[in-house]
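What follows is calculated from the coordinates using simple rules that are stated; it is not laboratory data. Worth saying up front: this structure is predicted, and the values here are computed from it rather than measured. So basically every Cβ, Gly included, is an ideal-geometry build from the backbone, and we count neighbours across all protein chains shown.
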Protein chains: 2
Amino acid sequence: MAELFARHRATLEAAVAATRSRGYWSPYPELPSGKIYGESAKAEAEAAFAGLLGGLFPLDQESAGEPVGEEVSPWTGQKLGIRYPRGAVEPLVAAAERARLAWAKASVETRVGIALEILARLNRDSFLIANAVQHTTGQSFVMAFQAGGPHAQDRGLEAVALAFEETTRFPARARWEKPQGKAAPIVLDKEWRLVPRGIGLVIGCSTFPTWNGYPGLFASLVTGNAVIVKPHPMAVLPLALTVRTARRVLREEGFDPDLVQLAVDTAAAPITKELAQHPAVGIVDFTGSPAFGRWLRDNLRDKLLFTEEAGTNPVVIQGCRDLEATCANLAFSLALYSGQMCTAPQNLFVPATGIATPGGTIGFEAFASALAAAIDGLLADPARASAVLGTIQNPATLERIAKARSLGRVVRESAPLPGAEPARTATPLLVELEAEEEPAYCSEWFGPIAFLIRCRDAEDALERAARTARTRGAITAALWATDEAFVARAADAFAQAGAPLSIGLEGPIYVNQAAAFSDFHVTGANPAGNATFVDPAFVAGRFRLCGIRRLATG
Amino acid sequence: MAELFARHRATLEAAVAATRSRGYWSPYPELPSGKIYGESAKAEAEAAFAGLLGGLFPLDQESAGEPVGEEVSPWTGQKLGIRYPRGAVEPLVAAAERARLAWAKASVETRVGIALEILARLNRDSFLIANAVQHTTGQSFVMAFQAGGPHAQDRGLEAVALAFEETTRFPARARWEKPQGKAAPIVLDKEWRLVPRGIGLVIGCSTFPTWNGYPGLFASLVTGNAVIVKPHPMAVLPLALTVRTARRVLREEGFDPDLVQLAVDTAAAPITKELAQHPAVGIVDFTGSPAFGRWLRDNLRDKLLFTEEAGTNPVVIQGCRDLEATCANLAFSLALYSGQMCTAPQNLFVPATGIATPGGTIGFEAFASALAAAIDGLLADPARASAVLGTIQNPATLERIAKARSLGRVVRESAPLPGAEPARTATPLLVELEAEEEPAYCSEWFGPIAFLIRCRDAEDALERAARTARTRGAITAALWATDEAFVARAADAFAQAGAPLSIGLEGPIYVNQAAAFSDFHVTGANPAGNATFVDPAFVAGRFRLCGIRRLATG
């Protein structure tokens, strides 16, 4: 077991250093390239994925009744037909309870070595994970590879690095020697044991099951807890592959594989609430809707609860140094995965007085037209459009688009991508609203829906953007501005609102992107979620230290 | 402001080092000695204390209506007669809200420097604090000095050290440079702002108002929050003196003193629940009864809640190397401050088969007699007895003693300390119970009440002790044993129960004592509380980081 730690030690040390320097770093190449992952990797993954379709997923867990599986590919409209062991609360908890004591007693190095080996194998299997992510979330293949594979592994590794730091922060033993004047000192020999919370429950989402699931999974596991992974019924496969890999490594290393279990349920018979409320579950990691987040926050007691919910991510445009580059960048952010990212912009606050550019002031209408044109241009080539948009994961999103259309003047119409059938697609909808129409834009409109909000001026735009971020939640904010004093005010305002701000982006870097080891994802400082990927608070409470002290004698 | 940081920098660095080495360390001398604190310090403090009695406490806060004060000295039975500004929720919150933005924007060094200056002045005023603690909590003078003065300051400093580490853990700025193959790299300049939670509420207790109050106060303050200190109506003065000192330093350094406010209420018109539920309060630090802790845990939403409640601290005695030394040590632990410590033992699990000693096995009855005799011996000298016992803080404790008497055979009777009147005193009550009588001993009996529990054998004693610690809570556990295999099993069992264990104590070191920088106080791993003094989890969530990133150009 120390062998795995030694094998991955350089990666661990580099990861710890990266979390401290916050510069760019990743050990997992993001390019889906045969040169990197092996020339046969892509074809083998496609074959492996095809082999899973329509069958019983090979996992060494008991099924509580008939195996279940409801996944449908948004690309093909076909059921995947994969059936998984059906999860039932008491057997899952009992198995985790049986497994966890030996794990809690293992050394930090043992747990970290196993976690790093799991990540290394997940990285090796990135092509298969990409297929699984693509046909459950509806992302394009390249995005499914990057966000579902290497970038998710980065986030998992970041959690391992923080957990390693927290669990080794204090010495395991110390001598305490208190002077007593002329008398002999009092001498105590002390040691501290790591006491995990118990069971960590990871509740997966339907759009980024691995990227959002890995931080909690690895943070709980490395700090000594057993983990139950409860995927969204529509996005099971990426997490099933993950759990299978984790169980294999655990078994190879002599641990009970039930330290990581998959808990599959159905939309008709969900078990998430019962699992989350079980007394043996000490930690809950949730990514998903504010409605279910609210339920968890209202109903869980005496547990650690980490949530990543949603916000109304604002954009403020006071001016820009290059209108075309700005519109191109923003258009891509709106179109990427059809706005189904918790980081995608929604509310674009634009001054009615126009936007400062090197070529003079551009009016509100002109900016709206330029942005719409940039989206059209981005999506003009069908293959490129498909790669950017991916598909619509949930049919409910199409209904939401229809509803949003009626809110105001449609600046850019949403439509299916021509020729994309049977894939479920929708291009970005842009709707113009007046600043006063806050009820319309002050909640999340998940999907390819954005509002161009006509504000009195730039100050009004900033005030509304920061206030709604603070009160309604925001996971990102974006700013384009030419007035440096305005930039400074905006930085203050968004920081106070807990909304991470991107300023003046152009070229191939987007507000939607949050890089592991550098960008903290979700601040916890507004209603968009209470947890950050990955800060010390995300890790520190998952275990406690219990002291044992003894009078030193002889 | 950087001047204060520079002045106290050596103390800070030593404190940080101490939290990492976990050996003995303290910058605040615990001896109430004129040689250390100044030959006139004691007399001046007595005069200052006398000058406060019967008057309006000098504090620059508005009173919402008539000033209030209900404190009564358990030593004299007399009202202190000190009146404090009456606290009202909305004005307190509004003042904190006005004050906090400038504080959040100040540098870490500024906040830490101010916190260390506050602690230095509190240390200088230890004699006055000792008088205040003595005549509110009813502790003896020496204990009031040590626990209420230097040891409390140690805990505050420990919180400052951890908060300093957490707030400086990551760089304030970084350049992120992502290679793009043959193309130019993407370069972002990033910075991170500290975003405090808002207002931290510290709910003080009646027995250790400073020791239990300082960690939360200083952790919230140094991480950029405003703090409202809500003392127990019967123990206001120690925290009023603390708040006064904090406000003075803040004002001298150009900050709004309302960053630290005192919120005094009355038993008849409490404001704690309303304060704790106010949306602007983001953090609540509570020390007190499990009943109120439960209310907070059940009713607070979307806030950080840190609790130190209570447990049924167990002792297991399998054997000892010196019966007299063991009984003397345990007797002192039971008698110290009349058992009114959250760390005092309550349930003594003793094998019916007797205890192994070098002189042979000692039967249950003989051990009970030896322990009772040790208590009698400890309290034989009235002056020494008074210094050990102090007084009974709350009359309800006397009723509890009366009730406990009827639970089983009284091994040692509790009685007032002869000649102590008008002080309210009670010596330790020892009651014998059968192991099966769990309903009798499985809740906290606060005060000088302990149970000698007749167990089948040592294994039975350990099983019951660890199980009740895990299920009912324990802040400490103690063990005397001669069988090393038994010691190892006990260490495992108590660690799993989250009960810090002291083994084989003899001489002037007691299970009740938790040393800052070394002993983590309360694990959070059983129902005795959810927070630890002072671990990273106690500090990390009190602020968040919000990123600002900008495309590097030119």
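Numerical summary
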{"item": "Calculated label separations, residue A:492, copies of the chain, 7 Å along the beta-carbon direction, nm", "result": "6.0"}
{"item": "Debye log10 I(q)/I(0) at q = 0.16 Å⁻¹ for segment B:127-179, Cα point scatterers", "result": "-0.59"}
{"item": "Dipole in debye (nearest 20) - the protein assembly as shown, about Cα centre, beta carbon charges: Lys, Arg +1; Asp, Glu -1", "result": "620"}
{"item": "Neighbour-limited loop hits for trypsin sites (Lys or Arg not before Pro), segment B:313-406 (at most 12 other Cβ within 10 Å; DSSP other than H, G, I, E, B)", "result": "none"}
{"item": "Residue A:305 long-range amide H proximity, modeled H, under 5 Å", "result": "A:284"}
{"item": "Exam field: residue A:277 pseudo-label spacings to other copies (7 Å along Cα-Cβ), nanometres", "result": "2.2"}
{"item": "Sequence of A:327, B:342 once ranked by neighbouring C-beta atoms within 10 Å, starting from the fewest", "result": "A:327, B:342"}
{"item": "From phi via Karplus (6.51, -1.76, 1.60), per-residue ³J(HN,Hα) for segment B:265-274 in Hz, x at Gly/Pro", "result": "10, 10, 4, 7, 9, x, 10, 4, 5, 5"}
{"item": "Net dipole in debye of segment A:314-503 [+1 Lys, Arg Cβ; -1 Asp, Glu Cβ; about Cα centre; nearest 20]", "result": "440"}
{"item": "As computed over segment B:141-210, the Cα convex hull volume per residue (Å³)", "result": "102"}
{"item": "Under-5 Å amide H pairs with residue B:24, H placed in peptide plane, nonlocal only", "result": "A:177"}
{"item": "Hydrodynamic radius by Kirkwood, which averages 1/r over all alpha carbon pairs of segment B:252-361, in angstrom", "result": "18.3"}
{"item": "Radius of gyration and Dmax over the Cα atoms of segment B:119-257, both given in Å", "result": "20.5, 76"}
{"item": "Whole-number Å³ per residue for the convex hull built on Cα positions in segment A:26-174", "result": "136"}
{"item": "Percentage, to the nearest whole number, of Cα pairs in segment A:326-411 over 16 Å apart", "result": "61"}
{"item": "For segment A:176-284: span of alpha carbons on each principal axis (Å, largest first)", "result": "74, 32, 22"}
{"item": "Given A:35/B:182; A:105/A:190; A:230/B:303; A:42/A:230, the pairs whose alpha carbons are separated by over 22 Å", "result": "A:230/B:303; A:42/A:230"}
{"item": "Dimensions in Å of the protein assembly as shown - Rg and Dmax from alpha carbons", "result": "31.2, 99"}
{"item": "Relative contact order (%) - criterion: Cα under 8 Å, at least six apart; region: segment A:287-373", "result": "29"}
{"item": "Full-extension gain in nm, residue A:273 to residue A:353, via 0.36 nm per residue minus C-alpha separation", "result": "23.8 nm"}
{"item": "10 °C / 1.306 mPa s Stokes-Einstein diffusion coefficient of segment A:499-554, Kirkwood radius on C-alpha pairs, µm²/s", "result": "107"}
{"item": "Value of [θ]222 nm, deg cm²/dmol, for chain B, DSSP H segments ≥ 4, -39500 (n - 2.57) each, nearest 500", "result": "-13000 deg cm²/dmol"}
{"item": "Rounded D (µm²/s) - segment A:379-448, Kirkwood Rh over Cα pairs, Stokes-Einstein at 4 °C, 1.567 mPa s", "result": "100"}
{"item": "HN-Hα J in Hz across segment B:109-114 - Karplus 6.51, -1.76, 1.60, θ = phi - 60°, x for Gly and Pro", "result": "4, 4, 5, 5, x, 5"}
{"item": "Per-residue mean of C-beta atoms belonging to partner chains within 10 Å, peptide A:299-309", "result": "1"}
{"item": "Counting all C-alpha pairs of segment A:430-554, share separated by more than 22 Å (%)", "result": "47"}
{"item": "Label-to-label distance, nm, for residues given as residue A:302 and residue A:381 (7 Å Cα→Cβ offset)", "result": "6.0"}
{"item": "Segment A:314-503 - Rg and Dmax from Cα coordinates, angstrom", "result": "15.7, 50"}
{"item": "As computed over chain B, the Cα convex hull volume per residue (Å³)", "result": "170"}
{"item": "Contact order relative to length of segment A:314-503, as percent, for alpha carbon pairs under 8 angstrom and 6 or more apart", "result": "30"}
{"item": "Label point 7 Å beyond Cα along the C-beta direction, distances from residue B:40 to other copies (nm, shortest first)", "result": "9.1"}
{"item": "Rotation relating A and B, chain B residue nearest the axis via C-beta, angstrom", "result": "B:540, 2"}
{"item": "From phi via Karplus (6.51, -1.76, 1.60), per-residue ³J(HN,Hα) for segment B:443-456 in Hz, x at Gly/Pro", "result": "9, 6, 10, 5, x, x, 10, 9, 10, 8, 9, 7, 9, 4"}
{"item": "Whole-Å semi-axes of the ellipsoid equivalent to segment A:90-178 (Cα gyration tensor, √5λ, descending)", "result": "35, 18, 10"}
